[in-house]
Amino acid sequence: MVHRSEDRTKERVARTAWWPKWEQELSEYISTCEKCQKANRKHGKKYELLQHILEPKHLWETSNMDWVTRLVPGGKEKFNACLIIVDRFSKIMRCLPCHKEDTAMDTALLFWNNIISTC
């Protein structure tokens, strides 16, 4: 049984039953009822106001990255993806060929070798 709302459930119980502290016990039961918790998804972190992102003051202080995948394999190494990195200060964009199967470590090394080491 899924409870429509706590108030409606209390009304139905009040018509047919009574025991000491029944309202408190019913509230506790509803708050722990597994079906009700799944049906009433009001759990987790509440949304907060958006935070302003500070503008960077130096080249490559902050960057945005994204991948373009499902490319036709090309080049000697048969690259099938591209890591696109944009500097938020200068809007310089770098497109680095890579593989869709690259790991986080591969991506970090690509970023280090092509961006950080050239600054």
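Determine whether L83 is more than 14 Å from I115 (Cα to Cα) and among the aliphatic types (A, V, I, L, M).
Working: more than 14 Å from I115 (Cα to Cα): no; among the aliphatic types (A, V, I, L, M): yes.
When the stated conditions are applied, L83 does not pass them.
Among the criteria (1) among the basic types (K, R); (2) at pLDDT 95 or above; (3) surrounded by 14 or more Cβ atoms within 10 Å (Cβ to Cβ), the one K91 does not fulfil is (3). Can L26 be described as of a type in the set (A, V, I, L, M) and over 27 Å from the mean Cα position of the chain (by Cα)? Here the answer is yes, as L26 does meet what is asked.
The values are calculated or read from the model by the stated rules, or taken from the named source; none is laboratory data. What you are looking at is a predicted structure, and each value in this text was computed from that prediction instead of being measured. Glycine gets a Cβ as well: all are built from the backbone with ideal geometry, and neighbour counts include every protein chain shown.
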